[in-house]
Structures are given as C-alpha cells and as structure tokens.
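Please treat every number below as a calculation from the coordinates, not as lab data. Here the structure is a predicted model, which is why all the values come from computation and not from measurement. Glycine also receives a Cβ, built like all others from the backbone with ideal geometry; neighbour counts cover every protein chain displayed.
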Amino acid sequence: MTQQGLVLINTGNGKGKTTAALGTAVRAWGNGQKVLILQFIKGSWKYGELEAVRALGSLNGNIEIRSMGDGFVFHGRKEDPEAFARKKQLAQEAWAAAVREVMSDAWDLIVLDEVNYAIHFGMLTAEEVAGLIRSRPARLNLILTGRYAPEALIDLADTVTEMKPVKHAFEKGIRARKGIEF
C-alpha cells in the first residue's frame, strides 16, 4: 500500500527555510528515495548546496538540483522592469518544469524552493500552485519554501514551519559567510 504524500511549507522571515528543505531532501535520498529540488529564484550565485547535491546525485542519480532563476528579487527595492520581466519569465519556465516533473510521477519528493517568493512577487499565482498540490500523484511529497506563504497553500499543507528571526549576524554588520549562508 502506498502512503499518502505530504505537503510541507517552510516560511517566515528567519533564516533556514531552504536549509531545512535540503536537510529533508538529503534524508529522503538517504532512504533510497528519488528527490528533485527546483529553485525558482536562485541561479546566479555559486551556492555550496549545489555542489553537495550534485556530489550526492553522482553516487546513484537519485537526487538532483536545478537552479532556474537568475538571482534574488530584493524586498522593498524597485526592480528594473526589464530585469523583473526576465525573472518572471524564468520563474514561469521553472513552474512549467515543476508541473512536468510533479505529474511525471518519477520522484518521491520534490522541493519547490522559493516558490512562495515567486507567488508574492506576482510571477506565479497561489491558485495554480494550489491546483498542482491537489492534482499531484497521491504518493508524492512536496516541500514549498520562501517567505510569504499564502493562506491558501498553508490550508492545503500537512506541516507548516515558520522560521522567525531572533538575532542575526547581519544586524552587527557581519556579511554573509561562505558555508553558512551560501
């Protein structure tokens, strides 16, 4: 008997949403499951997790990460309309890949990293993401990350974790550290 897949959401203003999803992805991989991580916004930086997941994937091919964006969409900062249009196009291409991969029934876990940002910034709609959650193969586990998780998705999720900042080194003027933030 196949178990019902779960929907998890990692959201909130604190650090660790993607990191927690990647930890779960590695756990699933370690248990012999096939895992796909699609990153909606990240893409232009060299992140340590990319190399780690690629190395794991080279062992047996059961884990894959695809960075499909071209970098961050900054909060509270006006984006150049042309640059934003490019980011939106990339997010929609990532969404098309997500739909294709979810419906392929080839994976046990798919992480839609930063999909909540893509919704928040108007690159996707909560309704289309909710529709995919409802129509996914029953056994498929999904993890959605990013700030601003819409209530419609929270209502559909089985587990929702809100990361809350208490203190961050950045507040003391300490810049992001390789191996810690990226």
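Quick notes on this one:
- Test for Ile65: is it of a type in the set (Val, Ile, Thr), assigned to a helix (DSSP H, G or I) and out of contact with any His (no Cβ under 8 Å at 6 or more places or on another chain): no
- Considering only residues in region 121-148 that are small (Gly, Ala, Ser) and surrounded by 15 or more Cβ atoms within 10 Å (Cβ to Cβ), the one that is nearest to Thr24 (Cα to Cα) turns out to be Gly146.
- Taking region 94-167 as the region of interest, the strands (runs of 3 or more DSSP E) fully inside it that hold 1 or more residues being in contact (Cβ under 8 Å) with a residue 40 or more places away in the chain and either of a type in the set (S, T, N, Q) or in contact with a Lys or Arg (Cβ under 6 Å, 6 or more places away or on another chain) (or both) are 141-145, 159-162.
- Test: residue in region 173-181 that is surrounded by 14 or more Cβ atoms within 10 Å (Cβ to Cβ) and at negative phi: yes
- Of the numbered criteria (1) assigned to a helix (DSSP H, G or I); (2) among the polar types (S, T, N, Q); (3) closer than 20 Å to Tyr117 by Cβ, the one Asn10 fails is (1).
Yes or no, residue by residue, for (1) of a type outside the set (Phe, Trp, Tyr); (2) more than 19 Å from Ala20 (Cα to Cα):
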{"site": "Trp95", "(1), (2)": "no, yes"}
{"site": "Asp105", "(1), (2)": "yes, yes"}
{"site": "Val111", "(1), (2)": "yes, no"}
{"site": "Val129", "(1), (2)": "yes, yes"}
{"site": "Pro137", "(1), (2)": "yes, yes"}
{"site": "Thr145", "(1), (2)": "yes, no"}
{"site": "Glu151", "(1), (2)": "yes, yes"}
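- Filter result for Leu36 (surrounded by fewer than 20 Cβ atoms within 10 Å (Cβ to Cβ), within 25 Å of Met163 (Cβ to Cβ) and either touching a strand residue (DSSP E or B) at 6+ places or on another chain (Cβ under 9 Å) or of a type in the set (A, V, I, L, M) (or both)): no
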